[in-house]
Each structure stands twice: as structure tokens, then as C-alpha cells.
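Have a look at the structure below, then the notes.
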Amino acid sequence: MSSKEKINVLFVVKPIQWSGSDRVLLDLATRLNKEKYQVIFAVISLNPADEATIPDSFPKIIFDMPDLHGWRQLLFSLRLCWAIHKYKIKIIHMNSYHPGNYCRLAAFCMGMPVIIDHWHGFNRFSLKRRVLCRLYNHFTDLSFVVSELVGKYIQEQCGTAPERIQVLYNGVDLAQYQNQDLAAKVRQELGLPPDLPVVGLVARLDHRAKGHIELLQALSLLKDRHTVHALMVGGGRRQEEMQQLAASLGLAQVVHFLGNRKDVPRLLAAMDIFVLPSHSEGVSLAVLEAMAAGLPVIVSEVGGLPEIVQHEDTGLLIPPKDPEALAQSLARVLEEPGLAQRLGQKAREQVQEKYSLERLAQILNQSYDELVQRKFRNSV
């Protein structure tokens, strides 16, 4: 490999438009040094209507395998081996756990020089998963983690050596979230009253762990004291269930289920408060986006969220699975405009200082360059 020859990097994604982890990989690919690295996307195809758009500037290998289970996992690994050979891939970068292990298996079989995995949260580790991850870690060169706590968890569960772990906080494009002047227009489009507070939650409705139930219960506790509208952004198989719960709590007229949306920055402009009462979380991209928009945020004190939200400074922390605590924090922010303004301002300043895409790009390229120098020192 000559010093001027680009290194081919394979990013493996399931490009769900509303999946934070795969959106992060898209951001990383666009910010990797184009003079040194050629990014090729291996796309595990899903429903085209649900997929994020990968820029045309990137070559793509489409794996039309939406149901990646059972024997299809082995077929995926074999097809990935073919792609590694055909495109002369030197680095593979993917999210873990699934389908990350099958990517690592293919990379190992093909003698891949560099294998990078990316951990976004606190995956549940069965004995089988723990054994597989500890096995594959022997030939995984670098593990990116989205927070210090996630790194410690991966070290504990997977046996990953600390020197192979690099914290790479998610980043956001601050320019997209300066849309306060759109608030009236967006509210009108959504049929929201211009003079009532709006609370937002951006998360898929595929399971209950994002705290949708707790938010609905908190709004029910508040309804005799405050009239609050809520935006539930994100679709999923539990949307109908949550709609029925909202109706049973007498909230059908004030809770708006928007489904999957591609205009989250615009929707944030219509919100006054952002909440994420998760039961478990890494570092939420949705929370960082809300902070970038200057919104006061209320989040559960779980996972990596206390690393990005400091209680009483850049937001409010509440215990998980506690709708009463959420209701109290919402009431406090609603009743103290000065607090709401201060929290929102400090939140935006924190994102600008620590979670910008520019900072992410700097750490990403530095980590890649150091890894390449170590692995290819005799050929680059």
C-alpha cells in the first residue's frame, strides 16, 4: 500500500431513518478524512420507506436481507466475505451487537487488518452473547463507545481491554437547530395552540423502555394544574397501544402521535420542554439535538445520560420509571420561566463545547490515523 493510496473502509449499516446509532455512522462516514479513506457502505436493506438516505458520493453494496435471522446470518457473513475480497477492504466499522458479531466473523475469516465496533448503549448480555463477544474481542482492534459508563460496561461484559476502548461522544450539527423563528409556523401546521406549552419526546415506539408510559402518566397527574400538549415523535409497533393509553387517561386531545418524521429539527422548534424518561440509555442523540435547540431537558438518571445532563445546570435528572417525579419536574419548569431559559441556554453551550460534529470528526480521524499507523506502519 503506497502512502497516497486510499484505505477502503466498509461501514455496515441498517439505515433506519429514525435509528440514532445508524445515523451516527452516517455522520462519521461524511467526516472521515476523504484524502486518506474511501468509505463504502454495506447496506442491510429494510423497507425503503423507512431507510435513511445515504449520500450518492459513497459506493454502496446492498444486502437485500431485511430478515437477518437463523441461517440468513451465515449467508450474510459469506456474502460479506465476498464484498471484503472484491472491494479490497482494509477496515470494517459496524455497530454492535447484532449484526456486529457476524461482521466480525466475516472480517476474521478474511484476515481483515482492522476491525472497529461501535457500542451505543447497554445491550443485554446473555451467556451466549457474552461468550461470543469475548471470543470476537481477541481480533477487534478498537471499540468506540458513546460514553464513559458504556465503556466500563463493555469492558465488564465483553472483557475488552481498556486500551482498546475509545470514548466517541455523539455529535450534532448546531446549525440545524437554530429554528426558534419557526415555532409559530410549525405549531400552526400541527394544529397546536400558539399560547400553550408543548412537551416533546423523540423515540421509536417499539418497546416501553423509552418512557412513553411515564410521560403519559405524568401528563395525567398535571392536567388539573396545567394544560400541556405533547408531541410523540417516532413510529413503531406500540403506537396504537400508547394512543389507547392516552385516551384512557383523558389525554387524547392534547397528545399528538406524529409517527416517523424526517424533520425533527423543525419539530423541536415547536417544543418548550424535551423529556426522555428512559429506563436504560447510552448517550441519546435525541437529547443532544434538543439541547442544541436550546430546550430545557428532563431525562432519567440512567446510563450515559448523567454524563451529558448535569442536574440543575444543563437539565433536570429524575429517577427512572417515576411518573410523579417527572410530573414535578415538568411543573417546575413550566412555573419557573427563568429556570427554563437558563437550563436551555446552558444545554446549548454544553453541546457546542463538547458534542459538536467538529469535535467528533477530530477524535474520529485521530483514532483512525493512530490505528492505521500501528497496523500498517510498514506499508503507509
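Values computed for the structure shown
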read-out	value
Region 160-179 residues that are over 17 Å from residue 349 (Cβ atoms) and assigned by TED's automatic domain parsing to the domain that holds residue 150, paired with ones that are polar (S, T, N, Q) and in a helix (DSSP H, G or I) (beta carbon under 7 Å, 6 or more apart)	160/137; 162/155; 165/155; 166/367
Unmet criterion (only one of (1) without any contact (Cβ under 8 Å) to a residue 12 or more places away in the chain; (2) closer than 19 Å to residue 274 by Cβ) for residue 240	(2)
Leading residue by the ranking (nearest to the chain's Cα centre (by Cα)) among those in region 320-353 that are surrounded by 14 or more Cβ atoms within 10 Å (Cβ to Cβ) and charged (D, E, K, R)	348
Flag if residue 269 is farther than 20 Å from residue 208 by Cα, in contact (Cβ under 8 Å) with a residue 12 or more places away in the chain, assigned by TED's automatic domain parsing to the domain that holds residue 233 and over 22 Å from the mean Cα position of the chain (by Cα)	no
Which numbered condition residue 321 misses (of (1) at pLDDT below 95; (2) on the phi > 0 side of the Ramachandran plot)	(1)
Criterion: touching a residue at least 60 places away in the same chain (Cβ under 8 Å) and either of a type in the set (Val, Ile, Thr) or outside the structural domain of residue 227 (by TED's automatic domain parsing) (or both) - qualifying residue of 360, 334	360
Unmet requirement for residue 182, which otherwise passes all of (1) buried (at least 18 other Cβ atoms within 10 Å of the Cβ); (2) touching a helix residue (DSSP H, G or I) at 6+ places or on another chain (Cβ under 8 Å); (3) more than 17 Å from residue 254 (Cα to Cα)	(1)
Residue ID - surrounded by the fewest Cβ atoms within 10 Å (Cβ to Cβ), chosen from residues in region 215-249 that are charged (D, E, K, R) and more than 21 Å from the chain's Cα centre (by Cα)	224
Selection count, region 73-116, where residues are assigned to a loop (DSSP other than H, G, I, E, B) and touching an Asp or Glu at 6+ places or on another chain (Cβ under 8 Å)	1
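A quick yes/no check of all residues on (1) over 30 Å from residue 271 (Cα atoms); (2) at pLDDT below 85; (3) assigned to a helix (DSSP H, G or I); (4) not β-branched (Val, Ile, Thr):
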{"site": "118", "(1), (2), (3), (4)": "yes, no, no, yes"}
{"site": "123", "(1), (2), (3), (4)": "yes, yes, no, yes"}
{"site": "154", "(1), (2), (3), (4)": "yes, no, yes, no"}
{"site": "186", "(1), (2), (3), (4)": "no, no, yes, no"}
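The values are calculated or read from the model by the stated rules, or taken from the named source; none is laboratory data. As the structure is a computational prediction, the values presented were derived from the model and not from experiment. Glycine gets a Cβ as well: all are built from the backbone with ideal geometry, and neighbour counts include every protein chain shown.
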